[in-house]
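Colleague: This is the structure I have questions about; it appears just below.
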Amino acid sequence: MAAKVEIYSWRTCPFCIRAKNLLTNKGVEFIEYSIDGDEVAREQMAERANGRRSVPQIFINDNHIGGCDDIHALDRQGKLDELLVASNSL
């Protein structure tokens, strides 16, 4: 079963675009929450992301992964693919 991937983003954020491109290039389907200018949505994201308010914030199977640099670091370390195929029982 494929992992559930969620990303909070702004439409014009270059880091958001980079993170989404990485997922897209891997053939990963993800749920995107575009929170441009929506402070209520940003607060909800921050609650899930341990207080982090920068975008993107990425979650895999409801586990907070972090932002663009974090997901790219996981990919370089060879750990991202493992997370993306993992079931929701992590």
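None of the figures in this text is laboratory data; all of them are computed from the coordinates on show. Please read all numbers here as calculations on a predicted model, not as lab measurements. Cβ coordinates were reconstructed from backbone atoms using ideal geometry, including for glycine residues, and neighbour counts include every protein chain displayed.
Colleague: Rounded to the nearest 0.05, what FRET efficiency do residue 18 and residue 85 have when you use their Cβ-Cβ distance and R0 = 30 Å? Each step should come with its number before you reach the end.
Modeller: Values: r = 22 Å, r/R0 = 0.73.
Approximately 0.85, to the nearest 0.05.
Colleague: Please compute the contact order of the chain in relative form: average sequence separation of alpha-carbon pairs under 8 Å and at least six residues apart, divided by the residue count, as a percent. Before the final figure, lay out each step's value.
Modeller: On the way: 129 pairs, mean separation 35.6, N = 90.
Rounded, it is 40 percent for the chain.
Colleague: If each of residue 32 and residue 48 carries a label point 7 Å out from its Cα toward its Cβ, how far apart are those two points in nm?
Modeller: 1.5
Colleague: Where does the Debye-calculated log10 I(q)/I(0) of the stretch 13-90 sit at q = 0.11, 0.22 Å⁻¹, using only Cα point scatterers of equal weight, no solvent?
Modeller: The Cα Debye sum returns log10 ratios of -0.27, -1.10.
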